[in-house]
Amino acid sequence: MTNWKAGETLDTVTMKPVTRLDLIKYAGASGDYNPIHTIDKEAERAGLPGVIAHGMWTMGNLSKLFTPYYDQGFIQDYSIRFKGMVFLGDVLTLHAEVEEDTEEKTTFRVYARNQKEEDVIKGNVVFCKRLIEAPIH
């Protein structure tokens, strides 16, 4: 079981540039077909400078930070505030820093930044260190 210390950081994850195909796939998986996420003219008609990524797509990608630890626990709670828009071609870097660590769970401050070093999403993740065992029938 991993024990973290306050202030310790997880390895950052740098994503590939956001593509239209990423957003089309997410729209299909999520059922969010709002055209501002896939069609330039619709985004512009809505007053946006271009297509923007789904906020939940960005939020979901933050969970990649915890991939190396899923054999030790799970994300129990996830709270996020959206701070900026993510555009096609943006390169996001995902970050997590330990705020508090106990025997049972760890609270992380998480955020994603674009290539301009602007925060696009911030929040907290509570990682439960104990796997729940399913009853055997």
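Values quoted throughout were computed directly from the atomic coordinates according to the rules given, and no laboratory measurement underlies them. Values in this document were obtained by computation on a predicted structure and should not be read as measured data. Here the Cβ positions follow ideal geometry from the backbone for every residue, glycine too, while neighbour counts run over all protein chains shown.
Overview of values
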quantity: Isotropic mean projected area of the C-alpha convex hull, the stretch 1-62 (nm²); calculated: 6.4
quantity: Those lysines that a straight Cα-Cα span of less than 26 Å connects to Lys105, excepting residues fewer than 8 apart in one chain; calculated: Lys5, Lys64, Lys122, Lys129
quantity: Chymotrypsin sites (Phe, Trp or Tyr not before Pro) within the stretch 68-135, DSSP loop, no more than 13 other Cβ atoms inside 10 Å; calculated: Tyr70
quantity: GluC sites (Glu not before Pro) lying in DSSP loop within the stretch 38-135, provided at most 15 other Cβ fall within 10 Å; calculated: Glu103, Glu104, Glu117, Glu118, Glu133
quantity: Mean separation of Cα contacts under 8 Å (6+ apart) over length of the chain, as relative contact order %; calculated: 29
quantity: Rg and Dmax of the stretch 57-137, Cα atoms only, in Å; calculated: 14.5, 53
quantity: Contour excess over end-to-end distance, with Cα ends at Phe74 and Arg45 and 0.36 nm allotted per residue; calculated: 6.4 nm
quantity: Lys, Arg +1 and Asp, Glu -1 on Cβ, resulting dipole of the stretch 24-137 about Cα centre, debye, nearest 20; calculated: 300
quantity: Full-stretch length increase - Tyr33, Glu8 - with 0.36 nm per residue and alpha-carbon distance subtracted; calculated: 5.1 nm
quantity: Kirkwood-type radius of the chain, with distances r between different C-alpha atoms, in Å; calculated: 16.2
quantity: Taking the stretch 90-131 and dividing mean pair separation by its residue count, relative contact order in percent (alpha carbons under 8 Å, at least six apart); calculated: 37
quantity: Net lengthening on full extension, Glu100/Asp119 (0.36 nm per residue, minus Cα-Cα); calculated: 4.6 nm
